[in-house]
1. Per residue, how much accessible surface does region 78-168 expose to a 1.4 Å probe? Answer in Å², no decimals.
2. Can you give me the orientation-averaged projected area of the convex hull built on the Cα atoms of region 124-168, in nm²?
3. Apply 1/(1 + (r/R0)^6) to the Cβ-Cβ distance of H71 and R163, taking R0 = 30 Å, and write down the FRET efficiency to the nearest 0.05.
4. Name the long-range amide H neighbours of A117: under 5 Å, sequence gap of 5 or more, or other chain; modelled H, no Pro or chain starts.
5. Between M38 and A155, 0.36 nm times their residue separation minus their Cα-Cα distance comes to what?
6. Tell me the carbon and sulfur percent of the accessible area for region 103-168, rounded to whole percent, probe radius 1.4 Å.
7. Based on C-alpha coordinates, I'd like the Rg and Dmax of region 62-168, in Å.
8. Between Q132 and K58, what FRET efficiency follows from the Cβ-Cβ distance if R0 is 30 Å, with the result rounded to 0.05?
Amino acid sequence: RRHWRASRRGAERLDQGGGERSVQPGDDRDLRPGDRVMVRHRNLLANLELIMRTTPRKPGERMVSWLPPYHDMGLIGSILLPVYAGGPAVLMPPASFLQRPLWWLETIARFRATYGAAPDFAYELCVRAAAQAGVKDLDLSSWTTFLDGAEPVRADTIEAFHRTFGQY
């Protein structure tokens with residue numbers, strides 16, 4: 001049986017006053033695979049508010065995501081943020097992206113999504129898939145904001161993605 005564990009490290013960063021402890025994934029070196037972490041409701045709200053203040057978002061932004069809900073970018077950026085900001089989200093099964101990365105971009109085009117986020121490897125997989133299968137009838141003109149994060153962001157990945165898909 002597993003128990004929630006609190007971490008003293010990083011709690012000051014996450015806690016918005018009140019002195020309660022909280023946990024963030026990857027913040028505690030003694031976490032083992034399968035351990036669970038707890039993030040308080042107010043920490044999620046603080047994170048969402050920070051995203052709203054620091055990213056160019058407008059009311060009604062549309063999101064398309066394949067990120068799993070157990071991933072921080074999937075839970076916060078793809079599920080909670082659209083609810084918090086009042087915009088629709090189209091959620092795809094994570095396996096669908098891994099099987100066919102261009103399906104993500106095609107879905108963005110189909111639903112006229114304006115906002116999207118994924119780890120660096122996702123943009124790299126899209127570039128590789130486009131090189132192998134080619135790209136046709138893809139209109140990404142509605143996609144005004146995309147975020148690359150949750151792992152090291154490589155400038156060459158962003159440049160390759162822009163070279164490959166910038167015309168769409």
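The values are calculated or read from the model by the stated rules, or taken from the named source; none is laboratory data. Predicted model, so just to flag it, every value in this text is computed and none were measured. A quick note on method: Cβ atoms are made from the backbone with ideal geometry, for glycine too, and the neighbour counts reach across all protein chains shown. All accessible areas refer to the heavy atoms of the entire protein, side chains included, with ligands and DNA or RNA removed. Shrake-Rupley method; radii C 1.70, N 1.55, O 1.52, S 1.80 Å.
1. Accessible area per residue, region 78-168: 53 Å².
2. Details: hull surface 13.7 nm².
With every direction weighted equally, the projected area is 3.4 nm².
3. Result of the calculation: an efficiency of 0.65.
4. So A117 has HN proximity to L147.
5. Here the segment from M38 to A155 would lengthen by 38.8 nm.
6. Working: 1890 of 3560 Å².
C and S atoms contribute 53 percent here.
7. 12.8, 38
8. 0.30
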